[in-house]
Amino acid sequence: PETWEATFASFDGIIGLERLKLFHLNDSKKGLGSRADRHEHLGRGHIGEGAFARIVRGEILAQREREYVAAAVAIGASDARVLFRYLVPNISGALIVQISLSIANAILAESSLSFLGLGIQPPTASWGAMLNAARPYLTDAPWMTGFPGLAIFLACLAFNLIGDGLREALDPRSG
């Protein structure tokens, strides 16, 4: 109904605020070098929230035109019932895939920042820091870079495959 349009229209504002946060992070006097500022933005995970909002909005707008939603409204189902009983199960597959992709992206972002020396600091273990520490020994001991790189690759692949498997298992349209 009309309340959905107003709710989804606000998502564009959320995505715009997300961009402003990124500009603030890059333009602040402390910049990415500030440990507190960096951990605040990465730890809270606000960098990618707009993608979730856009996916939910697109899926809800597509699903609300389907016959099963019209049938539920025709028999007198409330907006909350239509949302939680019919729409949420049908959009969960797209959200599960986005969550798994976001986890893989977070692993890659943390590894990249740690490789550059801007992420988790020693003595805390990080695959990116391991790759950076092994750079001088690349010709003599290539396994020192191979294993952390392989771990990053396998972790990202595993999260993507788990997300795809969960989407297939939980998809109400697959029967």
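The values are calculated or read from the model by the stated rules, or taken from the named source; none is laboratory data. What you are looking at is a predicted structure, and each value in this text was computed from that prediction instead of being measured. Cβ coordinates were reconstructed from backbone atoms using ideal geometry, including for glycine residues, and neighbour counts include every protein chain displayed. All accessible areas refer to the heavy atoms of the entire protein, side chains included, with ligands and DNA or RNA removed. Shrake-Rupley method; radii C 1.70, N 1.55, O 1.52, S 1.80 Å.
Values computed for the structure shown
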quantity: Packing rank of 68-78, 148-158, where each peptide gets the mean count of other beta carbons within 10 Å, highest leading; calculated: 148-158, 68-78
quantity: Average accessible area per residue (Å²) across segment 115-159 - probe 1.4 Å, nucleic acids and ligands excluded; calculated: 66
quantity: For segment 52-175, projected area of the alpha-carbon convex hull averaged over all directions, nm²; calculated: 10.2
quantity: Equivalent ellipsoid semi-axes, segment 69-108, via Cα gyration tensor eigenvalues times 5, rooted, Å; calculated: 32, 7, 5
quantity: Note, ³J(HN,Hα) from phi for segment 55-66, Karplus 6.51, -1.76, 1.60, rounded to Hz, x at Gly and Pro; calculated: 5, 4, 4, x, 5, 5, 4, 6, 6, 5, 8, 6
quantity: Simple label model, 7 Å out from Cα along Cβ direction - L83 to N160, nm; calculated: 3.4
